[in-house]
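Notes follow the structure.
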Amino acid sequence: MNPTHATPLNEGLSIPARAARLLSVASILAFLAISHLRVTHALPGSAMIALALFVLVCLAYGQAFLAATAGLLRNRAGLCFQFLTGFLIFNSLLFVTTLASPLGMLPNLLMLAGVAVPLALFGRRYRADSREAELPALLCIVLSAIGAMLWSHDAQTGPVIQGANQVYQSWQDLFFHARQISAFAQARGIGTLHQINFAEAPAQIYHFAIYQSSAAIAALTDTPAIEVSASFLLPFGLFLLGLAAFSLIASIWGAWPALAAVVAVVLLPDAYMQGFGNRYLSYHFMTQVNLGSAYGIACAAVAWIFTLEACRRGKLLPLFIGYAFLALCLVHKAHLFVANAYLILIYPCLFFAGARIRQRLAAGLALTALFVTVVAVSQSLDRIPTMRLDGSGIGTYILQLVGSFDEGQLKTYFTRVFTLERNSRIIDLLNAIALLTASTLGMWLFAMPLLVIAARKKIAASVLTLPVLVLATYLIMAIGLAQDDRG
């Protein structure tokens, strides 16, 4: 859609579509309020105002972004995509502001909230044609909220009193996350941030953007950081997963089919729950204990939305926007940035509409050289983990995974083949692939080839190939990367 032909925000929306949008906003706010209440056992007016302000600011940034990109991408996910992109942009700006500004969290928030006002006015001039998406978007928000609250239940039950002790029934990283939220809530520039394990040592800023909105909620509501970690950081990240899945699939097939993606991502059992017995390869477990994963996945999903659109239309500008969102992934979850970086670089070389074979080859070689050069240069920096594709880490990694299996036939089998038997490298490689794929994907591993066969004539090759390439990249990195020796 050309932005000059976009309709005004308040025009062209039917009454049901407007009602669905209002209910969507109310549902997001209700989800955040219920999560806050479950943990803190109180919901004062100041907390409701803070949460409402957060939602409105995210929507304002998202609406302005959609208006600015209306000619590049059709929003087929309605308010879900608006809120998702708005949050990622606002949260990233808050991260930069927190590091750069000596004023503190509250003045920084007021400044960004003030910027949201003209952005909202600009965004009201245009509206992407997403009226048909408003009802499924509302259902996506409700399903995502339900899933997030279910998966967050254990973390939100609070500590159990045992004599003079309080026992927290959540993953041990809770205290690390709480400390980071507290530090950013009180920060007055990067110089006031310190390492958690070395007094007065400067902070090694990593993928810490995930803590910014949580720190803002802590500062606005005067809620202890350990409670904000359980009431906001975890459930909101899981909530974003549903919105990201919905937005990605809606950009390909439309909003109603995208609801199936939401159900798959936030409600269906993963490989561990299907009986494959390794929670350290479990999707639900890892997104609940490795909290940055959910935020990184959300960034990567938006990056792929623009990349797929760029390839479909043969336009470069959406591609650059996709790469920009992948860069945001770096400050939200660096591991997911690395996992997506090369694939998203060369993907257009395979599927960019209108490109000639010579252009594809030249771009592929140039981008591969760029990727290799950046990785090589990064290895001269002490703070960058080891990134060397020599396969030297697989032995240690596989033994760690074997030890983390629940007792059962799979643990018995893999313990035997990897520790008791002497097999050829080919047999060991095949067993490693079987362990990784089965324990990561579960029954979906067997459904994927069936889907590819059944849908090969109905789905564009660029879309049908993507999950296969993602799985191949995962296996290459899991098996091929060296063990990190830099801590």
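The values are calculated or read from the model by the stated rules, or taken from the named source; none is laboratory data. Note that the structure is a prediction, hence the values are computed from the model and not measured. Here the Cβ is made from the backbone with ideal geometry for all residues, glycine too, and neighbour counts use every protein chain on show. Note: accessible area is taken over every heavy atom of the protein model, side chains too, but ligands, DNA and RNA are not part of it. Shrake-Rupley method; radii C 1.70, N 1.55, O 1.52, S 1.80 Å.
Things to note:
- Only residues that are open to solvent by 50 Å² or more (accessible area, probe 1.4 Å), within 19 Å of residue 313 (Cα to Cα) and touching a residue at least 12 places away in the same chain (Cβ under 8 Å) were counted in the range 352-377, giving 1.
- Cross-chain or 6+ apart pairs with Cβ under 8 Å, the range 167-180 first and more than 14 Å from residue 211 (Cα to Cα) and polar (S, T, N, Q), then open to solvent by 80 Å² or more (accessible area, probe 1.4 Å) and assigned to a loop (DSSP other than H, G, I, E, B): 169/154; 170/154
- Screening residue 279 with (1) open to solvent by 60 Å² or more (accessible area, probe 1.4 Å); (2) closer than 23 Å to residue 142 by Cβ gives one miss only, at (2).
- Taking the conditions (1) at pLDDT below 95; (2) surrounded by fewer than 24 Cβ atoms within 10 Å (Cβ to Cβ) in turn, residue 133 satisfies each one other than (2).
- Residue list for the range 174-221, filter: at positive phi and in a helix (DSSP H, G or I): none
- The residues of the range 72-125 that are in contact with a Pro (Cβ under 9 Å, 6 or more places away or on another chain), within 23 Å of residue 307 (Cβ to Cβ) and open to solvent by 10 Å² or more (accessible area, probe 1.4 Å), listed by number, are 72, 73.
- Selection status of residue 287, under 30 Å from residue 409 (Cβ atoms) and either part of a loop (DSSP other than H, G, I, E, B) or among the hydroxyl-bearing types (Ser, Thr, Tyr) (or both): yes
- Of all residues making up the range 217-231, the number that are under 13 Å from residue 174 (Cβ atoms) and touching a helix residue (DSSP H, G or I) at 6+ places or on another chain (Cβ under 7 Å): 7
- Filter result (in a helix (DSSP H, G or I) and open to solvent by 60 Å² or more (accessible area, probe 1.4 Å)) within the range 472-487: 474, 476
- Residues of the range 380-399 satisfying the condition of being open to solvent by 90 Å² or more (accessible area, probe 1.4 Å) and part of a loop (DSSP other than H, G, I, E, B): 381, 382, 383, 388
The rows are residues; the columns are (1) in a loop (DSSP other than H, G, I, E, B); (2) in contact with a Phe, Trp or Tyr (Cβ under 8 Å, 6 or more places away or on another chain).
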residue	(1), (2)
447	no, no
458	yes, no
462	no, yes
465	no, yes
470	no, no
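- Of residues in the range 424-433 being open to solvent by 40 Å² or more (accessible area, probe 1.4 Å) and either assigned to a helix (DSSP H, G or I) or touching a helix residue (DSSP H, G or I) at 6+ places or on another chain (Cβ under 9 Å) (or both), the one modelled with the lowest pLDDT: 425
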